[in-house]
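Report on the following structure.
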Amino acid sequence: MSFSFIPDINSTTPISLPLFTKTAHIKDINIVTKVKGQPFDCTSLLQFSNLTAIALSGNMCNLNSLESFTALEALELRYISDLSTLPALGTWTNLNYFIGWNIEEQTGKVLKKQLTDLEKQKTFKYASVSNLKKPEWFITEFGIPFGVWPTKNNKVAVKAYKDALKVIKKASSIEDVQGAIKILVEVINDLANIETTEREDTWEAVMQLVSFSTLEIEEETASKWFDQYRDF
């Protein structure tokens with residue numbers, strides 16, 4: 001059984017499956033969501049008590065609920081930016097097939113070690129953890145707010161965003177971060193047809209960029225920079 005969720009709204013409210021009347025016959029399930037869209041609540045999978053294979057791709061939450069699937073044999077995880085609540089692979093004694101691909105780096109490294117240890121104890125049909133990604137990758141590839149802008153404006157804005165991110169990741173002072181934000185906003189100032197929606201997108205981009213700094217910068221401070229430099 002396969003489900004795909006691609007909502008058109010920006011929301012942090014988790015998506016859940018409806019309750020089905022007959023689920024005992026379902027052995028495998030595949031859930032796909034937008035990588036930076038609404039998260040899928042894995043708790044709603046618990047109604048499928050006989051699952052032996054689960055494939056998840058995109059934004060997920062409450063991964064700890066997968067612990068209940070004691071008969072799980074296959075688990076596939078793709079394009080997931082937060083695996084912090086995933087149970088240890090040793091939780092599933094029958095697990096013999098595992099894929100972790102384009103997943104967040106921190107937990108991915110832990111999963112690699114867990115696989116190495118488990119493979120000393122038993123044989124997997126297939127097991128791989130690859131293409132580990134840093135948090136900003138999920139933003140720059142899937143979550144930059146300028147995605148729906150007209151093509152010309154989109155290209156200019158995305159380039160300015162990525163240039164600012166490079167500076168901010170290496171910034172050793174708040175002034176460096178502020179300077180990168182100033183350049184980004186000034187680039188947007190020069191674009192045509194910047195209205196309310198585009199202003200909100202640019203504000204969100206500024207908040208994202210500041211979050212990648214190793215320095216502590218309050219949202220209020222970043223908002224002041226945004227208002228100070230924008231002409232729209």
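The values are calculated or read from the model by the stated rules, or taken from the named source; none is laboratory data. Treat the numbers as computed from the prediction; the structure is a model and nothing was measured. Using ideal geometry, Cβ is built from the backbone for each residue, glycine included, and neighbour counts are taken over all protein chains shown. Side chains are part of the model used for accessible areas, which takes the heavy atoms of the whole protein and leaves out ligands, DNA and RNA. Shrake-Rupley method; radii C 1.70, N 1.55, O 1.52, S 1.80 Å.
A simple charge model with +1 on the Cβ of Lys and Arg, -1 on the Cβ of Asp and Glu and nothing else charged puts the dipole of the stretch 67-152 at about 240 debye relative to its Cα centre. For helix 105-118, report the angle its Cα long axis makes with the longest principal axis of the Cα atoms of the chain; keep it between 0 and 90° and round to the nearest 10°. Around 20 degrees separate the two axes. Measuring with a 1.4 angstrom probe and ignoring ligands and nucleic acids, TYR97 comes out at about 70 Å² accessible. If you wrap the Cα atoms of the chain in a convex hull and average its projected area over all directions, you get 14.4 nm².
Ordered by solvent-accessible area of protein heavy atoms (1.4 Å probe), largest first, the residues LEU132, LEU95 come out as LEU132, LEU95. Here the dipole of the stretch 127-232 is about 600 debye; that uses its Cα centre as origin and unit charges on the Cβ of Lys and Arg (positive) and Asp and Glu (negative).
Under the convention that each Lys and Arg Cβ holds +1 and each Asp and Glu Cβ holds -1, the size of the dipole of the chain around its Cα centre is about 1060 debye.
A Förster distance of 35 Å, applied to the separation of the beta-carbon atoms of ASP227 and GLU141, puts the FRET efficiency at 0.75. Of interest is the spacing of the C-alpha centroids, which for the stretch 157-232 and the stretch 8-60 amounts to 35 Å. For the stretch 93-131, list residues with backbone N below 14 Å from a point placed 7 Å from the Cα of ASP28 toward its Cβ? From the stretch 93-131, the list is 96-99, 125-126. In this label model, GLN47 and THR197 are separated by 3.4 nm, measuring between points 7 Å along each Cα→Cβ vector. Rounded to a whole number, what % of the accessible area of the stretch 52-109 do carbon and sulfur atoms account for, probe 1.4 Å? Summing carbon and sulfur atoms, their accessible area is 42 percent of the total for the stretch 52-109.
The modelled label-to-label distance between SER211 and ASN94, using points 7 Å beyond Cα along the C-beta direction, is 3.8 nm.
Greater than 27 Å separation of Cα atoms is the criterion. Which listed pairs, LYS34/LYS159; LYS34/LYS162; LYS27/LYS109; LYS34/LYS112; LYS134/LYS159; LYS113/LYS162, meet it? Exceeds cut-off: LYS27/LYS109; LYS113/LYS162. Dipole of the chain computed with +1 at Lys/Arg Cβ and -1 at Asp/Glu Cβ about the Cα centre; of VAL177, MET207, SER84, farthest Cα towards the positive end is SER84. Computed from Cα positions, the angle between helix 151-170 and the longest principal axis of the chain comes to roughly 80 degrees. When you filter the GluC sites (Glu not before Pro) in the stretch 186-232 for DSSP loop state and at most 16 other Cβ atoms inside 10 Å of their Cβ, you are left with GLU195, GLU216, GLU218. For the stretch 56-107, the Cα-based Rg and Dmax, in that order, read 10.4, 27 Å. What the Cβ-Cβ distance of VAL148 and GLU219 gives, at R0 = 22 Å and to the nearest 0.05, is a FRET efficiency of 0.40. Binning the alpha carbon pair distances of the stretch 114-204 at 5 angstrom intervals from zero yields the distribution 2, 11, 19, 17, 13, 8, 6, 5, 6, 6, 4, 1, 0, expressed in whole percent.
May I ask you to give the average projected area over all directions of the convex hull of the Cα atoms of the stretch 5-89, in nm² rounded to one decimal?
Over every viewing direction, the Cα hull of the stretch 5-89 projects on average to 5.3 nm².
Using alpha carbons only, how many degrees (0 to 90, rounded to 10) separate the axis of helix 196-211 from the longest principal axis of the chain? The angle comes out at about 70 degrees.
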